[in-house]
1. Given the chain, what percent of its DSSP beta bridges are antiparallel, to the nearest 5?
2. Add +1 for every Lys or Arg and -1 for every Asp or Glu among the other residues with Cβ under 14 Å from the Cβ of PHE4, and state the total.
3. Suppose we keep just the alpha-carbon trace of the range 47-117; what are its Rg and Dmax in angstrom?
4. Of the residues ASN108, ASN49, ASN260, which exhibits the maximal mean-square fluctuation in a Gaussian network model of the chain defined by a 10 Å Cα contact cut-off?
5. For the chain, give the magnitude of the charge dipole about the Cα centre (Cβ charges: +1 Lys/Arg, -1 Asp/Glu; no others), in debye to the nearest 20.
6. Please report the net charge: other residues with Cβ closer than 14 Å to the Cβ of GLN139, K and R +1, D and E -1.
7. Here is the link list: LYS17/LYS172; LYS157/LYS227; LYS45/LYS285; LYS66/LYS171; LYS151/LYS264. Which ones come out longer than 25 Å on Cα distance?
8. Ignoring ligands, DNA and RNA, what percent of the 1.4 Å accessible area of the range 1-98 is carbon and sulfur?
Amino acid sequence: MILFKRSSHLREYLSVKRREEMSVGFVPTMGALHQGHLSLIRRSKTENNLTVCSIFVNPAQFNDPKDLDKYPRPIEKDIELLCSVECDVLFMPHNEEIYPDGINHLKNYDLGHLENFLEGVSRPGHFKGVANVVDRLLQIIQPDKLYLGQKDFQQVKVIESGIRNSEFGNKKTAVVMCEIVREKDGLAMSSRNVRLNETQRRNAAGISRELFFIRDHWKEFELSKLKQEAIQRINSIPEAHVDYLEFCDAEKFVIIHDWNEAEKIVCVTSVIVGGVRLLDNVLIK
Ligand code: AMP
């Protein structure tokens with residue numbers, strides 16, 4: 001694996017590879033890698049000649065400075081994991097490479113309703129920060145395919161629409177959404193899970209249990225009743241508090257109130273457990 005810290009060096013390297021007609025798959029991450037991240041890299045490796053992974057803890061997408069400080073950064077272990085899946089290139093830029101004008105000079109993007117919806121309501125500015133970093137990374141890497149996890153479903157929607165509407169990146173980049181990788185007890189893998197204590201960690205599995213119940217039984221209930229009961233059950237988990245749980249049209253990503261309102265439906269939730277924000281979702285139709 002080759003490690004790049006400077007975007008100019010990475011650009012040069014990739015332009016040579018592109019002249020050799022190599023296809024490039026790209027997996028952006030914030031590090032603290034786990035099997036979820038590695039599944040994206042494995043997928044990219046099967047579909048491209050060259051796989052680039054980036055590790056950049058993006059300060060612009062944290063609205064809580066404490067969350068940014070507490071974000072885990074086990075870089076040596078990350079490099080080992082990337083080598084174990086034979087990732088070709090690691091890009092680890094400093095802040096100045098991504099934000100040459102400084103973090104206080106972010107670009108504005110038209111992200112439509114997605115910006116101030118669900119996750120965007122609780123984390124103002126979060127998707128603006130995501131858009132800035134993705135735009136910059138896509139300019140540098142110009143991948144053929146971009147690999148994103150379904151776990152951050154709204155993020156996938158934001159990036160897909162940004163690329164489609166030429167807000168950032170290149171229209172030719174195809175977005176590939178990859179399935180959520182879970183722990184044995186169902187909890188969606190996340191770099192934030194290490195911040196849960198043993199009890200919180202055990203209890204957090206109740207979130208996915210509820211989502212699996214919804215996936216398997218939704219037809220038996222009215223939407224509003226199922227939503228209300230799911231929220232109550234998750235809130236009854238010790239130290240858990242549902243920020244939102246909604247059924248959405250999985251294409252347009254708008255809230256629906258009846259099962260007939262959409263052809264594809266996703267149930268998305270964000271739950272705070274002991275102060276740690278956990279996202280999860282299931283596609284149910
Ligand atoms: P992050 O490092 O949290 O920014 O995540 C980097 C990428 O990995 C994003 O596209 C995430 O959606 C994806 N990802 C995170 N957790 C998982 C998971 N459990 N399964 C699959 N993909 C994931």
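The values are calculated or read from the model by the stated rules, or taken from the named source; none is laboratory data. Computed from a predicted structure; not experimentally measured. Using ideal geometry, Cβ is built from the backbone for each residue, glycine included, and neighbour counts are taken over all protein chains shown. Please note that ligands, DNA and RNA were not included when accessible areas were found on the heavy atoms of the full protein model with its side chains. Shrake-Rupley method; radii C 1.70, N 1.55, O 1.52, S 1.80 Å.
1. Details: 19 of 38 bridges.
Here the antiparallel bridges make up roughly 50 percent for the chain.
2. On the way: positive: LYS5, ARG6, ARG11, LYS17; negative: GLU12, ASP88, GLU97.
Around PHE4, the charge tally is +1.
3. Rg and Dmax of the range 47-117, Cα atoms, are 15.5, 40 Å.
4. ASN260
5. The calculated dipole for the chain is roughly 400 debye.
6. Summing Lys/Arg as +1 and Asp/Glu as -1 gives +2.
7. Numbers: LYS17/LYS172 18 Å; LYS157/LYS227 22 Å; LYS45/LYS285 29 Å; LYS66/LYS171 36 Å; LYS151/LYS264 17 Å.
Result: LYS45/LYS285; LYS66/LYS171 exceed 25 Å.
8. Working: 2390 of 4870 Å².
Whole-percent figure for carbon plus sulfur exposure: 49.
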